[in-house]
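Read the structure below first, then the notes.
Coordinate-derived values only; no laboratory data. Bear in mind that the values here come from a model prediction, so they are computed numbers and not experimental data. Don't worry about glycine lacking a Cβ; one is built from the backbone with ideal geometry, like all the others, and counts go over all protein chains shown.
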Amino acid sequence: MAKPLSGIRIADFTVHNAGPFCTHLLSQLGAEVIKVESAMRPDAFRKPHPVYGRMGPATFDQVASTKLSVRINLKKPGGIALAKRLVAVSDVAAESFRPGVIGRLGLGYDALRAVKQDIIMLCVSSSGQSGPDSHFAGYAPLFGAWGGLGEMTGYADGPPVEMRHVMDHTVGMNAAVATLAALQRRRATGRGGLVDVSAREVASSLLGEALLLAAAGQQPHRSGNDHPRMAPHGVYPAAGEDRWIAIAVGSDAGWRSFATLIGAAELADNPRFATEPLRHANRAALDVIVSQWTATLPAEDAAERLQAAGIAAHASWTTPEIAADPHLRTRRAIVDVAEPDGKERAAVGVPMRLSKGAEIGIERGTPKLGEHEDYVYGDLLGLTRAERQALADDESIY
């Protein structure tokens, strides 16, 4: 059975993380994604860099699996012409350069629409394709800081906290949803269109209540692990080195169960903790009591006891624990794929399941640079060997 986006082809000019994560998600849903790079300007994340505890292109591995790879030198007229031929047989063209760059290359929306009338063009940038700040460059830490998310993240007595890859990935997910909406509109109307995604605006869209409070004249503040209503609520120390457990008690009944469980049933009716508003007002004192109990138990044991009593709790897992988790493995949220050197590694699968159609997710590992040119340039575009050689000779394919 076909995957949901089977038959959809994407010419992928995106770089770094936010844009590539978008097309990565779409590839897992069945789209044929053809990543465009060159030996002169490979994706910056393809280069080995020390991240995630190893020296290798770890970030690239996480956003390039299942994609096809071709080399096109966009600094050459022949490369631009070749890129247009690829777009002409595609449904979506995706890019994540600074606004104006793709247009100066001759691959702006109007130029691509001239070669494919119903093309959908996705542009992912720091602040969007229009407006007084559209010329700003940006990376993940800037998105969260400029969009206000960093200001609202962190402890009340500490600085704003930098939002890293989660910001790129959130931008990518928003871009994927917008692209799906454009594909649905094209199916209904036959019209393509320009999809303009601003990373800064994605960050601001996550602020929700804080923006409403500010609009009402109030001043929202960072609150750390506090909840505006619940207490206990937070991450507490567990037995062992650097082990932690997250706990959220959401009702008076839950509090009574919690107090009984930790061997302090008398706390249930304590004047400082008897009701939700009182517990929240006295949460600092309450956190001391909770921490004294959690520190005596392994996080997994404490979580099991709390879950059995109907209280939301779980150990704060490390990434190795997540990668080895049988539940995630069973649901193929974590899968093993082969790297270019043949070694297998764990990879993050698609975080959803569909009741109809083929199983979605990663099909293969990271492509080598230019690995799929025989298929793309030969089978798909119909270039002869002589034509390909001529493009290679003038470094349009390089």
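What's the extension gain from V177 to T384 if we count 0.36 nm per residue and subtract their Cα-Cα distance?
70.8 nm
How do the peptides 297-303, 374-380, 144-150, 214-220 rank, highest first, by the average count of neighbouring beta carbon atoms within 10 Å per residue?
Averaged packing, sorted descending, gives the order 144-150, 297-303, 374-380, 214-220.
May I ask you to derive the FRET efficiency for E359 and A44 from their Cβ-Cβ distance with R0 = 25 Å, giving the value to the nearest 0.05?
0.20
Among 34-42, 317-325, what's the highest-first ranking by average C-beta atoms within 10 angstrom per residue?
Per-residue mean Cβ counts within 10 Å order the peptides as 34-42, 317-325.
Fully extended, how many nm does the chain gain between T330 and D110 (0.36 nm per residue separation, minus their Cα-Cα distance)?
74.6 nm
For P160, what is the net charge nearby, where nearby means another residue's Cβ is under 9 Å from its Cβ and Lys, Arg count +1, Asp, Glu -1?
For residues surrounding P160, the net value is -1.
With label points built 7 Å along Cα→Cβ from the Cα atoms of A215 and A188, find their separation and express it in nm.
The answer from the label model is 2.5 nm.
Once you have the Cα-Cα distance between D133 and S6, take 0.36 nm times their residue separation minus that, and quote the gain in nm to one decimal.
Stretched out fully, the D133 to S6 stretch lengthens by 42.0 nm.
Binning at 5 angstrom from zero up to the longest distance, how are the C-alpha pair distances of segment 233-320 distributed in percent?
Result, from short to long distances: 3, 15, 27, 28, 16, 8, 3, 1, 0 percent.
Efficiency by 1/(1 + (r/R0)^6): what FRET value for S205 and A285, r their Cβ-Cβ distance, R0 = 25 Å, to the nearest 0.05?
The calculated FRET efficiency here is 0.10.
If I model a spin label as a point 7 Å beyond the Cα along the Cα-Cβ vector, how far apart are those points for T275 and D341 in nm?
For the pair T275/D341, the computed spacing is 6.3 nm.
Using packing as a proxy for protection, rank 199-212, 126-139 so that the peptide with the highest average count of other Cβ atoms within 10 Å comes first. Don't jump to the answer; show the numbers that get you there.
Details: 199-212: 17.9, 126-139: 15.4.
Taking the mean over residues of other Cβ atoms within 10 Å, the ranking is 199-212, 126-139.
Between T260 and D301, take the C-beta separation as r, use R0 = 22 Å, and let me know the FRET efficiency to the nearest 0.05.
Here the calculated transfer efficiency is 0.80.
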